[in-house]
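One structure below.
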Amino acid sequence: MADLNINIAGIQFKNPVTTASGCFGYGEEFKEFYDLSLLGGIFVKAVTGSNRDGNKYPRMAETPSGMLNSVGLQNKGIDHFCSHIYPLIKDFNTRVIVNVSGSTISEYVEVAARINELENIPAIELNISCPNVKHGGMAFGTVPETATEVTRAVRDVYKKVLMVKLSPNVTSITEIAKAVTNGGADVITLINTLLGMAIDAETQRPVIATVTGGLSGPAIKPVALRMVWQVYKAVNIPIVGLGGIMNATDAIEFMLAGASVIQVGTANFIDPMAAPKIIEGINEYLDRHNIASARDIIGALKVS
């Protein structure tokens, strides 16, 4: 068996397969399907400063080769997370990382500071890229100056590993990556969903209530791969890659492009066993190619 261990920014992952925020709940929901300790890590759903009910229904829709969602960061806020959710997840035998979002920089800072005090959370994933909220979210991640500002503000209060999740809905992904690196990010996560929409021709109305939403699934994989490769060449910090990863081959392609760790998102809705299957598939690939360690394929894309 190949060595699947990956270390990014001082955090040791037993393998490079993690689950994406918003697609795996808090992990508890999947315990009946398999032992969560098989995973390299779990990125739990977004936490904000106060309760959010999310967007109006309908807020999810299937599209060709993908899925639109406009959930709107529904959660019960940081107080509820600390008192009710953290006790349930703190002893999972895998890395648990919290996605942090907000409408203002002060809200990001408040949530990050609270999570900084939670012993068994080694990192946060700063979500400056969600396209499904009216205020905050993607607004912070589309302009280099604001991306730097929010990252630096959180860096000042958060003393553990700071991951920043980027939006693909930008002119230059490398400029945003450089901006958050300058702001103090330890790791970059990319990509979040692409902004899209679906229309019901019979009713002549949008399929989801917010008209537009975030597109995920296989349809966005080529865009995600391109952005991971570009950012890998542009900055010197590790990358967590996601966007349409449905199987082990997809995951390996992301690692070849430069991702050290990958996230499985939409695939979890189709097959709850997707992540363990991907772990097995990566190991089989490494053995078949006589590659001793998963680390050896990170950024190993042959372009000449």
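The values are calculated or read from the model by the stated rules, or taken from the named source; none is laboratory data. Keep in mind that this is a model prediction, so the values were computed, not measured. No Cβ is skipped: glycine too gets one built from the backbone with ideal geometry, and neighbour counts run over all protein chains shown.
Overview of results
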| quantity | calculated |
| --- | --- |
| Of residues in the range 62-117 being farther than 30 Å from residue 270 by Cβ and of a type in the set (S, T, N, Q), the one surrounded by the most Cβ atoms within 10 Å (Cβ to Cβ) | 103 |
| All positions within the range 113-132 that are of a type outside the set (A, V, I, L, M, F, W, C), within 22 Å of residue 143 (Cβ to Cβ) and not in a strand (DSSP E or B) | 129, 131, 132 |
| Qualifying strands (runs of 3 or more DSSP E) (wholly inside the range 183-300; at least 1 residues being surrounded by 24 or more Cβ atoms within 10 Å (Cβ to Cβ) and hydroxyl-bearing (Ser, Thr, Tyr)) | 187-190, 212-216 |
| Inter-residue pairs, beta-carbon under 9 Å, first modelled with pLDDT under 95 and in the range 87-100, second outside any strand (DSSP E or B) and buried (at least 21 other Cβ atoms within 10 Å of the Cβ), 6+ apart | none |
| Test result for residue 128, modelled with pLDDT under 95, out of contact with any Cys (no Cβ under 6 Å at 6 or more places or on another chain) and under 22 Å from residue 182 (Cα atoms) | yes |
| Residues satisfying the stated conditions in the range 72-99, i.e. at positive phi and of a type in the set (A, V, I, L, M, F, W, C) | 73 |
| Given (1) more than 19 Å from residue 51 (Cα to Cα); (2) at pLDDT 95 or above; (3) out of contact with any Pro (no Cβ under 8 Å at 6 or more places or on another chain); (4) β-branched (Val, Ile, Thr), number of the condition residue 161 does not satisfy | (3) |
| Tally of residues being outside any helix (DSSP H, G or I) and over 16 Å from the mean Cα position of the chain (by Cα) across the range 160-181 | 4 |
| Looking only at the range 149-182, and only at residues there that are among the polar types (S, T, N, Q) and closer than 16 Å to residue 127 by Cβ, the one that is surrounded by the fewest Cβ atoms within 10 Å (Cβ to Cβ) | 169 |
| Strands (runs of 3 or more DSSP E) within the range 1-112 that include 1 or more residues closer than 30 Å to residue 290 by Cβ, within 20 Å of the chain's Cα centre (by Cα) and not aromatic (Phe, Trp, Tyr) | 6-8, 11-13, 17-19, 41-47, 95-100 |
